[in-house]
């Protein structure tokens, strides 16, 4: 492909794109903030959940690609089970500072794209949590403290009451149900807890691969003196979807997994990925469930500050335009469907195209179709199978008549591969 055509495709595809978040607490409103990640310290591929009072930390990292030197502050917001901000004053759930500066930052080194890498660990010596539940970190420019640039959600679980979860993921097709469905059969046990009204005091929320699937929260099937049974053949059904697509740009010196072309033009890396096609059948493949790992193959120990950015071109062959909007989706898109990740259709090439700035590393992604009514179809472009190896998070909240917020009592993660 001639260089001029190669760059023209990047220019046209980058013109695409307000946001539909699919993970509680997550959103980004600043185009200069990239590579936002929030993980449990030491466990980058699991959901960000820490135990209250245990010393465990969540680790927030992000890059600022703006040309100006900026400084950032943060604040913590306690939320209910559905990620609505709590009415409690921050002094009820934070010991120390509710908001503070993000003081850990470093400039990128030896990269064509300059950026500043920021890092924040919580809890820390200035800020500690005193209540369990859902939390949002809201990040602001220090010069504009009222404007939220982005937010990330995490959870703090307490183990003060004996709540337990038993769960299995069923992959067999069900009579009268689409074959791509997976069923969660689970029970919540609280034998020694005096619960007067389980339907209102206990809430359960489900995540699939770290984000919130578009499904109604599960309702109890049987309420027993010792717990709640949510298992029933036609309840708690989730689209299995497909294994994630992937690519590897940990090096710009050679073409790695699914990279067709790499070039440097005017002080910028450009990467053309292999052309994707709409999937119609299940393809077994090992993935990391939509996550990504920042990695520089040459300077792996300093990947956070020595990894460069490339303009990466995604192309999806469809032969004709589709009814609805097509998005690139994954952790690196903040689990949200916004104009920044909306693809444009090229009639000349019969493909949907989008160019995104992506940091060196290993990435999972998929394509999602949102129909004209705003419904997300996880299977239209990727296929859908009950065989797909998904990871489910089961979050159990408890609010007694004396409580003023949803306490998080148990988080259980179960995957299809270990649920047989």
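A few comments on the model shown:
- Some residue of region 86-100 being surrounded by 14 or more Cβ atoms within 10 Å (Cβ to Cβ), within 23 Å of residue 304 (Cβ to Cβ) and in contact with a strand residue (DSSP E or B) (Cβ under 7 Å, 6 or more places away or on another chain): yes
- Matching option when the condition is in contact with a strand residue (DSSP E or B) (Cβ under 6 Å, 6 or more places away or on another chain) and farther than 25 Å from residue 387 by Cβ, among 231, 164: 164
- Region 297-325: number of residues that are touching a strand residue (DSSP E or B) at 6+ places or on another chain (Cβ under 8 Å) and part of a loop (DSSP other than H, G, I, E, B): 6
- Among residues of region 15-32, those that are in a loop (DSSP other than H, G, I, E, B) and either under 23 Å from residue 390 (Cβ atoms) or at pLDDT 90 or above (or both), counted: 9
- Filter pass, residue 228 being under 28 Å from residue 25 (Cβ atoms), at pLDDT 90 or above and in a strand (DSSP E or B): yes
Yes/no per residue for (1) at pLDDT 90 or above; (2) surrounded by fewer than 13 Cβ atoms within 10 Å (Cβ to Cβ):
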{"site": "167", "(1), (2)": "yes, no"}
{"site": "171", "(1), (2)": "no, no"}
{"site": "180", "(1), (2)": "no, no"}
{"site": "190", "(1), (2)": "yes, no"}
{"site": "200", "(1), (2)": "yes, yes"}
{"site": "205", "(1), (2)": "yes, no"}
{"site": "213", "(1), (2)": "no, no"}
{"site": "218", "(1), (2)": "no, no"}
{"site": "233", "(1), (2)": "no, no"}
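- Those residues of region 125-173 which are over 23 Å from the mean Cα position of the chain (by Cα), closer than 16 Å to residue 90 by Cβ and part of a loop (DSSP other than H, G, I, E, B), in sequence order: 126, 130, 131
- Only residues that are surrounded by fewer than 14 Cβ atoms within 10 Å (Cβ to Cβ) and part of a strand (DSSP E or B) were counted across region 261-289, and they come to 3.
- Within region 196-219, not a single residue is in contact with a strand residue (DSSP E or B) (Cβ under 9 Å, 6 or more places away or on another chain), assigned to a loop (DSSP other than H, G, I, E, B) and more than 27 Å from residue 22 (Cβ to Cβ).
- Screening region 326-420 for strands (runs of 3 or more DSSP E) wholly inside it with 1 or more residues that are at pLDDT 95 or above and buried (at least 23 other Cβ atoms within 10 Å of the Cβ) returns the ranges 351-359, 361-370, 391-398, 407-415.
- Screening 35, 4, 67 for residues that are at pLDDT below 95 and under 30 Å from residue 316 (Cα atoms) leaves exactly one candidate, 4.
- Residue count for region 235-260, restricted to those that are modelled with pLDDT under 95 and in a strand (DSSP E or B): 3
- Annotation: of all residues in region 109-146 being buried (at least 20 other Cβ atoms within 10 Å of the Cβ) and touching a helix residue (DSSP H, G or I) at 6+ places or on another chain (Cβ under 9 Å), the one that is farthest from residue 212 (Cα to Cα) is 115.
The values are calculated or read from the model by the stated rules, or taken from the named source; none is laboratory data. As the structure is a computational prediction, the values presented were derived from the model and not from experiment. FYI the Cβ positions are ideal-geometry reconstructions off the backbone, even for glycines, and counts take in every protein chain you see.
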